[in-house]
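Single-structure report; data block below.
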Amino acid sequence: MSEMELSPEAREALLTNAYLSVCEVVLGLHNKSRLPESPQLLQHAGAFVTLSRDGELRGCIGRTEAHHSVWLVVKQMAVSAALDDPRFDPIGPNELDGLEVEISMLSPLRRINSIDEIVAGKHGLMITKGFNRGLLLPQVASERGWDRDTFLEATCEKAGLPPGAWRKGAIIEIFTALIFNKTFSGDAAAQLVDTLQ
């Protein structure tokens with residue numbers, strides 16, 4: 001998938017799918033099978049789902065492989081972000097109102113030959129060395145004002161590697177992401193939850 005494009009309607013549907021998937025597992029409801037109306041959502045892509053509330057990160061889980069439709073990947077990653085991120089307690093029912101869902105739809109990863117190919121803020125990074133692997137999304141560098149070298153060091157840290165490990169023997173891969181988000185709150189969120197009952 002060289003050109004990642006989603007219509008505004010497809011983005012809205014994907015965000016709603018993620019939110020409803022979280023609501024189902026948090027509220028213990030039967031997982032309903034929702035099918036995408038847009039063929040764009042059947043394209044295969046890796047994706048990360050980030051959940052936040054009141055500006056605080058509550059979970060972020062993703063998959064880089066493009067073996068399944070982005071619709072299915074987002075559904076699965078939303079559930080994992082809500083329940084399985086080891087850095088946080090699982091999301092509770094009282095957190096569903098005001099929950100922000102951010103989706104990062106990933107391009108295929110590409111191994112680079114020179115760090116000059118990296119543009120902080122545009123590219124995400126995955127660094128692999130031995131059994132260690134770490135990934136940071138493009139928006140992490142943007143949000144924190146990091147330059148390329150800082151971004152490389154932070155990705156090494158995420159991988160559990162020592163500082164400077166990217167300089168020798170590490171595999172560095174880059175990717176871009178289509179990033180969009182929505183906060184689900186108030187009557188609109190309540191009406192969506194009602195559709196699950």
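The values are calculated or read from the model by the stated rules, or taken from the named source; none is laboratory data. Because the structure is a prediction, the values reported are computed rather than measured. All Cβ positions, even for glycine, are placed from backbone atoms using ideal geometry, and neighbour counts span all protein chains on display.
Okay, here's what the table says:
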read-out	value
Residue tally, condition part of a loop (DSSP other than H, G, I, E, B), crowded, with 18+ Cβ neighbours inside 10 Å and hydroxyl-bearing (Ser, Thr, Tyr), over region 77-117	1
Selected residue (criterion: modelled with the highest pLDDT) from residues of region 10-39 that are outside any helix (DSSP H, G or I) and under 20 Å from residue 84 (Cα atoms)	28
Filtered residues of region 118-174 (kept if among the charged types (D, E, K, R), outside any strand (DSSP E or B), in contact (Cβ under 8 Å) with a residue 24 or more places away in the chain and in contact with a strand residue (DSSP E or B) (Cβ under 8 Å, 6 or more places away or on another chain))	147, 148, 158
Single condition residue 100 does not satisfy, out of (1) touching a helix residue (DSSP H, G or I) at 6+ places or on another chain (Cβ under 6 Å); (2) under 25 Å from residue 43 (Cβ atoms)	(1)
Criterion (free of Cβ contacts under 8 Å to residues at least 60 places away in the same chain and over 17 Å from residue 182 (Cα atoms)) met by exactly one of 108, 90, 86	86
Sole residue being buried (at least 16 other Cβ atoms within 10 Å of the Cβ), under 18 Å from residue 196 (Cα atoms) and in the same structural domain as residue 59 (by TED's automatic domain parsing), chosen from 15, 35, 27	15
Residues within region 40-56 that are part of a strand (DSSP E or B) and not acidic (Asp, Glu), tallied	9
Test: residue in region 19-31 that is in contact (Cβ under 8 Å) with a residue 60 or more places away in the chain and in contact with a Phe, Trp or Tyr (Cβ under 8 Å, 6 or more places away or on another chain)	yes
Residue satisfying condition, being surrounded by 20 or more Cβ atoms within 10 Å (Cβ to Cβ) and not aliphatic (A, V, I, L, M), within set 62, 55	62
